[in-house]
Each structure stands twice: as structure tokens, then as C-alpha cells.
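Below you'll find the structure, written out as C-alpha cells, and then a few comments.
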Amino acid sequence: MRDARRIVVKVGSSSLTTAAGGLDADRVDALVDVLARHLAPAEAGEAPGEPASRAAGEGKEIVLVSSGAIAAGLAPLGLDRRPRDLARQQAAASVGQGLLVARYTASFARYGRRVGQVLLTSDDTSRRAHYRNAYRTLDQLLAMGAVPVVNENDTVATDEIRFGDNDRLAALVAHLVRAELLVLLSDVDGLYDGNPATPGTSLIAEVRGPRDLEGVEIGSAGRAGVGTGGMVTKVEAARIAAAAGIPVVLTSASRAADALAGRPVGTYFHPTGRRSAGRLLWLAHASTPRGALVLDDGAVRAVVERRTSLLPAGLAGVEGDFSAGDPVELRDAAGHAVARGLVNFDAREIPRLIGRSTRELARELGPAYEREVVHRDDLVLLRP
């Protein structure tokens, strides 16, 4: 943990806002104070007036995934609680996002640091070109000494293209930027084997794999009521990151300094897998299928066992209304999802492709049809 140079830090709404729903400037400043102490020193001449203590920075690059936009917009719009309907959530996010970034900009400016806002939807990051652009933007911000502040683009995201919570977004961003550590901050100091408020429960200091969580009661809601997550989303995010080879520390915002310094704090999730191809992690965990392709038995074996592309000859049916480039599920004859991928044809084109060879289709419909329905580079297998 101490040696990690590129780190993603995620902070929840309850750690940044007041009980009434507005931003708490003192809490934001306290978090920034901690992060700034660990940042790599800015290049000479980039930050006039920077405090001398900045030279003591520890050489880390930090991407901040910050919730709080919707919560920050509640009070200014006269809302006493987070609205349930999407339209008012988007309105609150529109107001709150500007307040949130302005607060971070002012707070990091005390250390001569610039802030760059990056708003993402899952649709931005499951498609190949968009994924590359997101990586380049974040990587360049870090290279130029700025602190990327990432959030879901709540003002335009619909139910179909939402990440669902910023914990999962943080895990995927950690993979995107090739982070060496993910720190999840909340209002609880770690994962407990039951309700932390119940006497007799104990902190789980380390998680080495799924077996360590068997029988653990994981809460689904935060205490403050202004966020969408809870411990269950944090544990799921930790699992995603750990499976991609990224260690995770889960602790409270008040222990952020200890976590970044590498001291034993909160719950540490050991890596359980290796880094996978970039977009495939997003495709598996952040995309919402717009439809489904039904495969015959031979195509299922080819896709799952031999990791081949899906060809028209292996199709047995189609469900849903989707366009070329959309994520779809690949299902077996029993309806079980075996994979997910980005389809190369519109749903209305699929029926005339079913069971036919690419050579036959090219002769009849033209060379544009002599291709895979889902290319293996745009396909990820789903665990049973």
C-alpha cells in the first residue's frame, strides 16, 4: 500500500455533506488536506504561491471519485430528501455538480493544485473509442499535475446507462487508469461481521477471497440517507477491483490519512485475480444489455470453450430492440446468459442472418455482412 503510486480514492455523499443535504466545506477541506499531502510535487512554475509544505508530497497520483452532486443540490432546490424520480435527481445533480467541483477547486487551490472534472456514463466506457478517450483524458490530467474528480454524469444518465453507484464506478475507474490501489471511504471504518451498532460484532481486517465473506451480514444502506450505496455496494466494488488485480482498502473518511500512508486500517481486500483487457471489465460490470442473442449448442461451446467470435451460423434467435454497437447478452437454448458482447448488427437485421454462413450472406446481401455478429475482442464470458 505504501508503494502504490497511482491511487483511486472514492468518497461517499455522507462524508461530504451536512444532515440537511448541503456541502460541508470543512469536511471537503479535511479530505483535500489529506490527499494533498500525498500528491506528487507539481512541476516548477505551475503553482505560484504554493505552500512550502507541498515539496514534502509523497509522489502519488490520485484520482478522486466523488459522490455528493445530487446531495449538494438538494438544499439549493428546496428539497429535504433525495428525490425518487430520475428527472428531479438529474436536476439536483445539475445544480450540485457545479457546487461540488467549485468547492474542490477552491480547496485544492490552497495547495496550488488544479482540478479537472470528468463525468462518465457506462455508455462512455464500454465502447472501444470512448473507452480509449476516457483513459487518455484521465492519464493526461495526471501527467499535467491536475487532480481528476470523477463522477457519474447524473444529469444525462438514464436508467439504462447508469453505473448504479459510485463505488462500482470507482472500481472500474481504478482498472481504467491502471491504479495500484483503490481506497473506498465512507462513514464506517471498515467491514464488520454484522451490524457495527450491535455489541459483539467485529471488524474484518482482511479479505483474501469470497470464502472470507461467507455468512457475513452486509448492510445495504448508509446511515446518512443521502447516498445510493451502502456497505453492500462497497463490498461488490472491492470484489470487482480485487478480481482485476487491484488491492482495496475500505475504511472511513476520517481514517483516509492512515489508509494512504499504508497503515493497517479498515478492511484490506487482497487481489484475487489479474488485470483483464480494459473494456471487458466495463462490459461485464457496467453495461446494461439492450437485448439478447440465442445461440445453438455448437455456438455456445465455441464461444465459451474456444473463446471464438459469434458467427451468424450459430444464431438460433434474437430478443429485444437494439442497435449495432449496443451490449447484448448471449444465451444458451435454456435461456442462461453465458456471455455479453457488443453486437455488430441492428436487431431488425438479425432474423435474416440466423443459421447462415458469412459467405452466403456476403453473396446475397453484400460484403458488409461477411463479418462476426459479435467479435471475440468485444465479448466477455459471464461466470455461472
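The values are calculated or read from the model by the stated rules, or taken from the named source; none is laboratory data. No experiment lies behind these values; they were computed from the predicted model shown. Cβ atoms come from the backbone with ideal geometry, glycine included; neighbour counts cover every protein chain shown. Protein only, heavy atoms only, side chains kept; ligands, DNA and RNA dropped before computing areas. Shrake-Rupley method; radii C 1.70, N 1.55, O 1.52, S 1.80 Å.
Within the range 35-56, the set of residues being modelled with pLDDT of 85 or more and open to solvent by 20 Å² or more (accessible area, probe 1.4 Å) comprises just one member, 37.
Looking across the range 206-247, the residues that are open to solvent by 60 Å² or more (accessible area, probe 1.4 Å) and at pLDDT 80 or above come down to 206, 208, 210, 211, 212, 214, 232, 236, 239. Annotation: of all residues in the range 333-370 being of a type in the set (Lys, Arg) and over 18 Å from residue 300 (Cα atoms), the one that is least open to solvent (accessible area, probe 1.4 Å) is 352.
Whether any residue in the range 177-189 is open to solvent by less than 40 Å² (accessible area, probe 1.4 Å), among the polar types (S, T, N, Q) and under 9 Å from the mean Cα position of the chain (by Cα) is what I want to check.
Checked against the condition, which is being open to solvent by less than 40 Å² (accessible area, probe 1.4 Å), among the polar types (S, T, N, Q) and under 9 Å from the mean Cα position of the chain (by Cα), the range 177-189 yields no hits at all.
Being out of contact with any helix residue (DSSP H, G or I) (no Cβ under 9 Å at 6 or more places or on another chain), on the phi > 0 side of the Ramachandran plot and not hydrophobic (A, V, I, L, M, F, W, C), is that true of even one residue in the range 258-278? The answer is yes; a qualifying residue exists.
Among the conditions (1) in contact (Cβ under 8 Å) with a residue 12 or more places away in the chain; (2) open to solvent by 20 Å² or more (accessible area, probe 1.4 Å); (3) part of a loop (DSSP other than H, G, I, E, B), the only one that residue 200 does not satisfy is (1). Restricting the first member to the range 360-375 and to residues that are farther than 15 Å from residue 343 by Cβ, and the second to residues that are open to solvent by less than 60 Å² (accessible area, probe 1.4 Å), the beta-carbon pairs closer than 6 Å and six or more apart or on different chains are 361/369; 362/369; 370/358; 370/362.
Within the range 340-352, restricting attention to residues that are over 16 Å from residue 371 (Cβ atoms) and modelled with pLDDT of 95 or more, the residue that is nearest to the chain's Cα centre (by Cα) is 347.
Evaluating residue 330 against the criteria (1) surrounded by fewer than 13 Cβ atoms within 10 Å (Cβ to Cβ); (2) within 15 Å of residue 300 (Cβ to Cβ); (3) hydrophobic (A, V, I, L, M, F, W, C) leaves one unmet condition, (1).
Between 22, 59, which is under 19 Å from residue 253 (Cα atoms), at pLDDT 75 or above and in contact with a Leu (Cβ under 9 Å, 6 or more places away or on another chain)?
So the residue among 22, 59 that is under 19 Å from residue 253 (Cα atoms), at pLDDT 75 or above and in contact with a Leu (Cβ under 9 Å, 6 or more places away or on another chain) is 22.
Where strands (runs of 3 or more DSSP E) fall wholly inside the range 317-384, the ranges with 2 or more residues that are in contact with a Gly (Cβ under 8 Å, 6 or more places away or on another chain) are 327-331, 379-381.
Among residues of the range 248-262 being open to solvent by 10 Å² or more (accessible area, probe 1.4 Å) and assigned to a helix (DSSP H, G or I), the one that is nearest to residue 172 (Cα to Cα) is 253.
Residues in the range 263-312 that are modelled with pLDDT under 90, open to solvent by less than 60 Å² (accessible area, probe 1.4 Å) and closer than 19 Å to residue 7 by Cα: 5 in all.
Listed by first and then second residue, the pairs with beta-carbon distance under 9 Å, at least 6 apart or on different chains, first residue in the range 127-151 and of a type in the set (Phe, Trp, Tyr), second modelled with pLDDT of 90 or more and open to solvent by 60 Å² or more (accessible area, probe 1.4 Å), are 135/178.
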